[in-house]
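Take a look at the structure set out below.
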Amino acid sequence: MNEYILILDFGGQYKELISRMTRSLNVYSEIKPGKLTAAEVEKLAPTGIILTGGPNSVYADGAPQCDPAIFELGIPVLAICYGMQMMCHLLGGRVEACSVSEYGRIETTLVGDDSPLMRNIKPNNPKLLMSHTDQVCRLPQGFKSTAHTANCPNAACEDSRRNLYGVQFHPEVEHSDCGREVMRNFLYNICGATGRYSLDDYIEKHVKSIRETVGNKRVLLALSGGVDSSVCAALLSKAIGEQLTCIFVDHGLMRLNEGDSIENIFSKKELHFIRVNAADRFLRKLKGVKDPEQKRKIIGEEFIRVFEDESRKLGEIEFLAQGTIYPDIIESGGEFGDTIKSHHNVGGLPENHAFEGLVEPLSGLFKDEVRIIGRMLGLPAALVNRQPFPGPGLAIRVMGEVTKKKLDLLRRADAIVRQEIDRLRKKPQQYFAILTDVRSVGVKGDHRTYDYVVAVRSVNTTDFMTCEYTPLPHKILNKISMRIVGEIQQISRVVYDITGKPPATVEWE
């Protein structure tokens, strides 16, 4: 019997993390719209159902909701955050605004010793990720509370007789102490999963799918040199070989000497590699633009226009390929979700592009899964383990208007940050500099200065959907600060960002 978990989406920004965690626990999962009817769900015959979080209030007009009949199917349900509020609301409970909202890691007391969902969970007071302004203040008939916090009396609840379980916290994120154990209990203790899913046949399936989609037509790949586009290039090369042309658009928004490094690596590979130097073109488009969403959309559209221009030089090329991954899609918004930030390869795509179709073979994967596929394809560890770099490049790390002068300042500061943090034996997953649009008074050589403030960002994460700041040694922070203000004349102050995600994002824009 095929087993899988059906994830019904209500706009939760972590929905792909739910899917990623179930798959990492060797249970296949699919994400479907939350508006599926009970009849449609029953036809799919899932092993279990998970209801995602979302940005809405269940008592607001037009708030998304599931078909209440889903709770009568006898299929185990785990409702998370908004999902729990919605389930309780539909079953006769009451949801109200919190007197004190909860964000971040909150100490939670587990009281459901006999709960199948909380079985063998240690410690009894874990810190769990909360992100909510509403809460369930009265449980539906038949439910009992299985967890609480200082400000939330029903941080988890269940009606085990009907196999209905709710958690106000997010077990799917790595910063919930016992989140993985909670998910494992749901999958194995409650749903009866046996754990037969793996990535072993991913390459074989997608090579076949790419060949069926493309046929004998040609494909143009946007190759940035990052992990995602490099793995995409290797997978496409395996599938269609000589039909693939890789174009690296140097938009002038790369890190120090990075364009030359990418050309040096990929021009030696057995693929058609073209470098397009388009820095002046992108800077003209970005002139006077300060809004980060507008920057992203401008860069996304200009990428497509450059590819169209290059494809015309190459003759007819029907397909555009991109290394789009799951976090790109979720953060660019969905049916019920807020747009966290538009990714240049998602939110920035113009509808009237000249290609017959898009090929995005990694769009269902998280960063850690992409790295696994890269290793399976034989890519070198130095490339597969490279820290992420946003498609819009330094344009979203230069706050305010983007100019060549500001880019050059940031490149030098960023190189210093990476050089010093690279000295650590255990490195963070991502670290970089941001040139803020703020100037600060300083003193250099007995002279008053009024120059830029640089922020340093360093985070620890595995899924790149949530993160915590890296507690860097003060010795390294001091060295970074001394070097930046000492070696770069137009920078007078360095600050360190200690905000996690949520409530912040990894990038500042």
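The table that follows gives values for the structure above.
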read-out	value
Residue match in region 220-229 (condition: touching a Cys at 6+ places or on another chain (Cβ under 9 Å) and either outside any strand (DSSP E or B) or of a type in the set (Ser, Thr, Tyr) (or both))	yes
Selection count where residues are in a strand (DSSP E or B), charged (D, E, K, R) and modelled with pLDDT under 90, scope region 103-141	1
Selection within region 196-209 - small (Gly, Ala, Ser) and loosely packed, with under 13 Cβ neighbours inside 10 Å	SER198
Test result for ARG255, assigned by TED's automatic domain parsing to the domain that holds GLY364, basic (Lys, Arg), under 25 Å from VAL402 (Cα atoms) and at pLDDT 95 or above	no
Qualifying residues in region 176-195 (those that are in a helix (DSSP H, G or I) and either in contact with a strand residue (DSSP E or B) (Cβ under 6 Å, 6 or more places away or on another chain) or among the aliphatic types (A, V, I, L, M) (or both)) - the one farthest from ASP113 (Cα to Cα)	LEU187
Region 361-381: number of residues that are modelled with pLDDT of 85 or more and of a type in the set (Phe, Trp, Tyr)	0
So GLU420, is it under 30 Å from the mean Cα position of the chain (by Cα) and at pLDDT below 95	no
Of all residues in region 114-149 being among the charged types (D, E, K, R) and within 21 Å of GLU172 (Cα to Cα), the one that is surrounded by the fewest Cβ atoms within 10 Å (Cβ to Cβ)	LYS122
Pair list, Cβ under 9 Å, 6 or more apart: region 308-335 residue of a type outside the set (Phe, Trp, Tyr) and crowded, with 17+ Cβ neighbours inside 10 Å, other residue assigned to a strand (DSSP E or B) and modelled with pLDDT under 85	LEU320/ALA222; ALA321/ALA222; GLN322/ALA222; GLY323/ALA222
Matching residues, region 468-509, being hydrophobic (A, V, I, L, M, F, W, C) and touching a residue at least 40 places away in the same chain (Cβ under 8 Å)	LEU472, ILE476, ILE480, ILE484, VAL485, ILE488, ILE491, VAL494, VAL495, VAL506, TRP508
Counted residues, region 150-174 - those being in a loop (DSSP other than H, G, I, E, B) and either on the phi > 0 side of the Ramachandran plot or buried (at least 20 other Cβ atoms within 10 Å of the Cβ) (or both)	10
Filter result (among the hydroxyl-bearing types (Ser, Thr, Tyr) and more than 17 Å from the chain's Cα centre (by Cα)) within region 450-509	TYR450, TYR452, THR470, SER481, SER492, TYR496
Those residues of region 1-24 which are surrounded by fewer than 24 Cβ atoms within 10 Å (Cβ to Cβ) and over 18 Å from MET465 (Cα atoms), in sequence order	MET1, ASN2, GLU3, TYR4, LEU6
Residue within region 453-469 that is under 30 Å from TYR326 (Cα atoms), at pLDDT below 90, out of contact with any Asp or Glu (no Cβ under 6 Å at 6 or more places or on another chain) and not in a loop (DSSP other than H, G, I, E, B) present	yes
Close pairs (6 angstrom Cβ cut-off, 6 or more residues apart or separate chains): under 18 Å from VAL306 (Cβ atoms) in region 218-246, of a type in the set (Ser, Thr, Tyr) anywhere	LEU220/THR245; LEU220/SER311; LEU223/SER229; LEU244/SER237
Exclusive hit being surrounded by fewer than 21 Cβ atoms within 10 Å (Cβ to Cβ), charged (D, E, K, R) and under 21 Å from GLY393 (Cβ atoms), set ASP451, ASP414, ASP446, ASP437	ASP437
Number of the exception - GLU212 against (1) assigned to a helix (DSSP H, G or I); (2) crowded, with 21+ Cβ neighbours inside 10 Å	(2)
Residues that are modelled with pLDDT of 90 or more, under 23 Å from ASN189 (Cα atoms) and surrounded by 17 or more Cβ atoms within 10 Å (Cβ to Cβ), drawn from region 30-49	VAL41, PRO46, THR47, GLY48, ILE49
Criterion violated by GLY486 - all others in (1) of a type outside the set (D, E, K, R); (2) part of a loop (DSSP other than H, G, I, E, B); (3) at pLDDT 90 or above satisfied	(2)
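The values are calculated or read from the model by the stated rules, or taken from the named source; none is laboratory data. From a predicted model like this one, the values you see are computed outputs, not experimental measurements. With ideal geometry, Cβ positions are generated from the backbone for all residues, glycine too; neighbour counts draw on all protein chains shown.
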